[in-house]
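Novice: For reference, the structure I am asking about is given below.
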Amino acid sequence: MFKHTETDHGTPARESEQEVTLNIDGVDVTVPAGTSLMRAAVDAGIKVPKLCATDSLEPFGSCRLCLVEIEGRRGYPASCTTPAEAGMKVKTQSDKLQSIRKGVMELYISDHPLDCLTCAANGDCELQDMAGVTGLRNVRYGYDGANHLKAKKDESNPYFAYDPSKCIVCNRCVRACEETQGTFALTISGRGFEARVSPGQDQPFMDSECVSCGACVQACPTATLQEKTVIMLGQAEHSEITTCAYCGVGCGFKAEMKGNQVVRMTPWKDGRANEGHSCVKGRFAWGYATHKDRIKAPMIRAKITDPWREVSWAEAIGHAASEFRRIQAKYGKDSIGGITSSRCTNEETYLVQKLIRAAFGNNNVDTCARVCHSPTGYGLGQTYGTSAGTQTFKSVEKADIIMVIGANPAAAHPVFASRMKKRLRAGAKLIVVDPRKIDLVDSAHIKADYHLQLRPGTNVAVITSLAHVVVTEGLLAKEYIAERCDDKSFREWSEFCARPENSPEAMAAVTGVPADVVRGAARLYAGGPNSAIYYGLGVTEHAQGSTMVMGIANLAMCTGNVGREGVGVNPLRGQNNVQGACDMGSFPHELPGYRHISDSTTRAQFEAAWGVELAAEPGLRIPNMFEAAQAGSFMGLYCEGEDIVQSDPNTQHVAESLMAMECIVVQDIFLNETAKYAHVLLPGASFLEKDGTFTNAERRISRVRKVMPPLAGYADWEVTQLLSNALGYPMNYKHPSEIMDEIAALTPSFAGVTYEKIDRLGSVQWPCNDNTEEAGTPIMHIGKFVRGKGRFIITKYVATDEKVTRKFPLLLTTGRILSQYNVGAQTRRTPNSMWHSEDVIEIHPHDAEERGIKEGDWCGIQSRAGETVLRAVVTERIQPGVVYTTFHFPESGANVITTDSSDWATNCPEYKVTAVQVMPVAQPSEWQRSYTRFNKVQEDLLKNREVAAAVTK
Ligand code: SF4
Ligand code: SF4
Ligand code: SF4
Ligand code: FES
């Protein structure tokens, strides 16, 4: 087991080539220059009393508890703010120091309620500890003078409370909000005795800029800022390290437990992806795991208009298997398939694709990663030879220029956004390429040097015109290209880019970005010295998604920005295990490790291991499954942990396709939108109920650990195994570690990955084998590209079919919000909905006025696929001609409007560009009204289900 230390070193570690040796309390200690005396003392095994210092924050020097004596110096310097120097002789303990510290504590305690025994932080309070350490026995000043003991609590935040009576004004929360989170929501208002922590302008937390990341709560040494669950439940009695099940950042968390009950989730200090930070989702929004809506028993029904009937696991699994076999007997072997989920573990995903290939006997497996980052896999595979990002998150600390394209990290990858913002505040330059004025463009202490506010759908035109500037202005990294890249492809590509029609001036009419802005951004990026690109779904979810990924790869290569720290091409993955779902062979044409199913050598390897003959032809992608269903040749679907009805484009088409099928088996924790069309509902298990691994956007494989038994009795991998056995293909894994052993044996990129190694090292980054460091490969393509020579690919801009017309004059683009996650099935079942309780449509004041739309009005949004109605938010965040919405609520029907337009290479839907008209309306759309009726019927069918006396395994 990885031994994680809880030691607080008081101040952050310093990096320096120079070391200094000093003596503390008679112990010689050597530390990097710049290290504080406090940290050096901890290294020497000596703890200096402290209150305002903690090692995640820069020292502040306000509490005066950490004073020390230094031989030959006058006074008592604070050890947290005094750097260690060679030859110093330091004393951390003396009668004088003891007396000063006691005096300091006496002052604190004289204005602090003495309700320790009933305080939520009893036993977990640094003030209490320091009272003990300093030997405080009585307080001479009494409580009669002015104090804050009756100060009013702020309980507006749903997750934590602020009790000012307990505040010692140590400033740790303010610094955490600034340094760690980068939101700057807190200040100390008032001076001297009046000083108190204040969100915004003396506002309640919920009315302030606070985004509820929890960093201040984590930093607070007292019960002033305290999780409400701890106030309610008391402190945990054991804990387990696990990984957040929300976004692709993959933050490590300590699940603090009382028996099987989670008391709180605290960000893991040794988690390499987050280094002790968190966002509102992972930190607080875990209550869905025990929500009353959880499906706790298997259910079946013959038709979707029938009520559900709870049955035993054996009956449900037997029924699903016999239905699948019946369908295959009637319609042929290829008439069934399955969908894996980026939310499930690697092991579960691997097992589902194995079930489909080995037990179903076809390759009809696809994944929700199809609809987000499939172009990343294709584009980076073609140019560099691996289908993954090139860096660790930590690498951003070495970047000089950061280009963010089609991503809104503050909303979708918040913990990485905080790391990026920290680097930007320290001086890195920023280029944002996005149709919206996202938070990064102009936020607290951050301003983009260039914002390329392009028209949706013109990414490729922008990236090619950036390359045009690099090529024609002599900004190429010639030596790098000559040494590391394919010469022929470079010559063809550079000739293409240099053409006048690709210049920023020529492209401006298409992109809407002024030529001088493009030229300035290109020069800045090419000038580096370390330039890094981070991109998101605003790149991939386009008709030219794959082309754009290759355009990004070209730009990074031609400027020499791949293969070292601080640079690279970094896809910000949406869901927690998108990388893993792709790695595990979830696509119909690829076996695990991105090896084509038609390759007979690879197939032979799997055939030998799995003991079956595998079909050599790629199977159906999700959109092809729908087409085949409507054509009557695809009749059965096994869908694990994915809600295609809500998340896939053109909802009505998806629903019609599902209704055409004869047996849909949904395995999920809730009755999601897809489950409303299902015939068999198998209860899923949340991330708290199973063992396994997730792979984050950095290729980092981290453990998910079971902290409570599965509510319905089985983890998801066990359910897939039961189904496989019922289908006559035996699977007998006893633990997910055995599945990982099989993955590692069959998948070159996972070779060398074991649970033992992950447990020992905390996490590993693939590739992780005999040729790499033990913990794997933080930076890819050092010295040479994985494919050998980096390959340039011509990226010709082709306008999408989704063009504005007189009928549909606006472009709709979609995205996410911080507090909700994806289809919202989890976050909507938590108090996170207090921040975002409905999807809205953002519209520019000019377009709103033209249509007579005011803030809060109902707007009908119509595309060639369908119509829905949302409330208007009139904002200049969005440019004229463009509207924006999120897709977190099923009743909004954002995907009723999105169309079948998709990426040419991978079929990733073009969510980011839909031509629409927006008009004020008085009532919900026809689709919304029929959805409400359908939903009510389905919820009633669940509510009125036939309940089995006792559902048994
Ligand atoms: S919860 Fe986060 S954003 Fe809110 S005040 Fe605390 S540190 Fe700042
Ligand atoms: S709220 Fe906590 S962290 Fe902030 S100043 Fe008060 S005691 Fe310190
Ligand atoms: S940033 Fe992502 S992984 Fe980290 S806590 Fe938030 S949702 Fe979870
Ligand atoms: S810990 Fe050093 S002054 Fe507070």
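Novice: Using the Cα centre as the reference, give the magnitude of the dipole from point charges on the C-beta atoms of segment 624-683 (Lys, Arg: +1; Asp, Glu: -1; all else neutral), rounded to the nearest 20 debye. Write out the running numbers ahead of the final one.
Specialist: Details: 1 positive and 9 negative charges, 28 e Å.
I would put it at about 140 debye.
Novice: Just the accessible area per residue of the chain, please: how many Å² with a 1.4 Å probe? List each step's numbers first, then the result.
Specialist: Values: 34420 Å² over 953 residues.
Ligands and nucleic acids excluded, the figure is 36 Å² per residue.
Novice: Tell me which lysines have Cα within less than 25 Å of residue 936's Cα, excluding those fewer than 8 residues away on the same chain?
Specialist: Straight-distance partners of residue 936: 292, 296, 303, 676.
Novice: Given H placed on each backbone N at 1.01 Å, which residues far from residue 704 in sequence or on other chains put an amide H within less than 5 Å of it?
Specialist: Distant-sequence amide H within range of residue 704: 692, 693, 694.
Novice: A follow-up question, please. Give, as ranges by residue number, the residues of segment 614-634 whose backbone N falls under 19 Å from the point 7 Å along Cα→Cβ of residue 930.
Specialist: 626-627, 629-631
Novice: Starting with the highest mean, order 827-834, 128-135 by the number of other Cβ atoms within 10 Å, averaged over the residues of each peptide. Show your work: numbers first, answer last.
Specialist: Working: 827-834: 20.8, 128-135: 16.9.
Averaged packing, sorted descending, gives the order 827-834, 128-135.
Novice: List the lysines whose Cα sits under 23 Å from the Cα of residue 47, skipping any in the same chain fewer than 8 residues away.
Specialist: 3, 89, 91, 96, 102, 269
Novice: Hey, with R₀ at 30 Å, roughly what FRET efficiency would residue 107 and residue 43 work out to, going by the Cβ-Cβ distance, to 0.05?
Specialist: On the way: r = 30 Å, r/R0 = 1.01.
Efficiency, rounded to the nearest 0.05: 0.50.
Novice: For segment 464-503, just say rounded, prolate or oblate: build the C-alpha gyration tensor, square-root its eigenvalues into a ≥ b ≥ c, call rounded for a/c under 1.5, and beyond that prolate if a/b exceeds b/c, oblate if not. Intermediate results must be reported in sequence, preceding the final value.
Specialist: Values: a/c = 2.99, a/b = 1.60, b/c = 1.87.
Oblate, because a/c is 1.5 or more while a/b does not exceed b/c.
Novice: Using only alpha carbon pairs under 8 Å that are at least six residues apart, calculate the relative contact order of segment 701-840 and give it in whole percent.
Specialist: Details: 94 pairs, mean separation 18.0, N = 140.
Relative contact order comes out at 13 percent.
Novice: Antiparallel as a % of all DSSP beta bridges within the chain, to the nearest 5? Can you show the working numbers first?
Specialist: Numbers: 65 of 112 bridges.
Percent antiparallel among DSSP bridges in the chain is about 60.
Novice: What is the distance, in nm, between label points placed 7 Å from the Cα along the Cα-to-Cβ direction at residue 151 and at residue 85?
Specialist: 3.7
Novice: Can you classify segment 293-371 as rounded, prolate or oblate using the Cα gyration tensor, where a ≥ b ≥ c are the square roots of its eigenvalues, rounded means a/c under 1.5, and otherwise it's prolate if a/b beats b/c and oblate if not? Display every interim value, and only then the final one.
Specialist: Details: a/c = 1.87, a/b = 1.19, b/c = 1.57.
Oblate is the answer for segment 293-371, as a/c is 1.5 or above yet b/c matches or exceeds a/b.
Novice: So, one more: Report relative contact order for segment 749-904 in percent, whole number only (criteria: Cα-Cα under 8 Å, sequence separation at least 6). Let's see the in-between values first.
Specialist: On the way: 219 pairs, mean separation 31.6, N = 156.
Once divided by the residue count of segment 749-904, the mean separation gives 20 percent.
Novice: Let me ask another. Modelled label-to-label distance, residue 937 and residue 19, 7 Å Cα→beta-carbon offset: nm?
Specialist: So the label points at residue 937 and residue 19 sit 7.5 nm apart.
Novice: Rounded to the nearest 500 deg cm²/dmol, what is the calculated helix-only ellipticity per residue at 222 nm for the chain, with -39500 (n - 2.57) per DSSP H run of length n ≥ 4?
Specialist: Details: 30 runs with 276 residues, N = 953.
Roughly -8000 deg cm²/dmol at 222 nm, from the helical runs in the chain.
Novice: Going by average Cβ neighbours within 10 Å, how do the peptides 563-573, 845-855, 76-86 rank, with the highest at the top? Kindly include the intermediate steps, with their values, before the conclusion.
Specialist: Numbers: 563-573: 25.1, 845-855: 15.1, 76-86: 20.3.
Listed from highest to lowest mean packing, they are 563-573, 76-86, 845-855.
Novice: Sort out for me the Cα centre separation of segment 31-106 from segment 162-227, rounded to whole Å.
Specialist: So the two Cα centres are separated by 25 Å.
Novice: Further, regarding this structure: Within segment 604-620, find all residues whose amide N lies under 17 Å from a label point positioned 7 Å from the Cα of residue 756 along Cα-to-beta-carbon.
Specialist: Output list for this probe position: empty.
Novice: Ok, one more. How much of the accessible area of the chain, in percent, comes from carbon and sulfur atoms when a 1.4 Å probe is used? Walk me through the intermediate numbers first.
Specialist: On the way: 17470 of 34420 Å².
Result for the chain: 51 percent of the exposed heavy-atom area is carbon or sulfur.
Novice: Tell me the relative contact order for the chain as a rounded percent, counting alpha carbon contacts under 8 Å between residues six or more apart.
Specialist: Numbers: 2203 pairs, mean separation 126.4, N = 953.
It rounds to 13 percent for the chain.
Novice: How would segment 418-544 be classified by its alpha-carbon gyration tensor: rounded, prolate or oblate, with rounded meaning a/c under 1.5 and the a/b versus b/c comparison settling the rest?
Specialist: Working: a/c = 1.86, a/b = 1.32, b/c = 1.41.
Judged from the Cα gyration tensor, segment 418-544 comes out oblate (a/c at least 1.5, b/c at or above a/b).
Novice: Ok, one more. Averaging the inverse of every distinct alpha carbon separation and then flipping it gives the Kirkwood radius. What is it for segment 51-204, in angstrom units?
Specialist: Numbers: mean 1/r = 0.0577 Å⁻¹.
Taking the inverse mean of 1/r over all distinct Cα pairs, segment 51-204 comes out at 17.3 Å.
Novice: Please work out the ratio of the alpha-carbon Rg of the chain to 2.2 N^0.38 Å and round it to two decimals.
Specialist: Numbers: Rg = 28.9 Å, N = 953, 2.2 N^0.38 = 29.8 Å.
Output field value: 0.97.
Novice: Starting from the Cα of residue 803, draw a straight line to each of the lysines and keep only those under 27 Å, dropping any in the same chain fewer than 8 residues away.
Specialist: Straight-line reach from residue 803, under 27 Å: 437, 854, 912.
The values are calculated or read from the model by the stated rules, or taken from the named source; none is laboratory data. What you see is a predicted model, and the numbers here were worked out from it, not measured in a lab. Note that we place each Cβ from the backbone using ideal geometry, even for glycine, and neighbour counts take in every protein chain shown. With ligands, DNA and RNA removed, areas are computed over all heavy atoms of the protein, side chains included. Shrake-Rupley method; radii C 1.70, N 1.55, O 1.52, S 1.80 Å.
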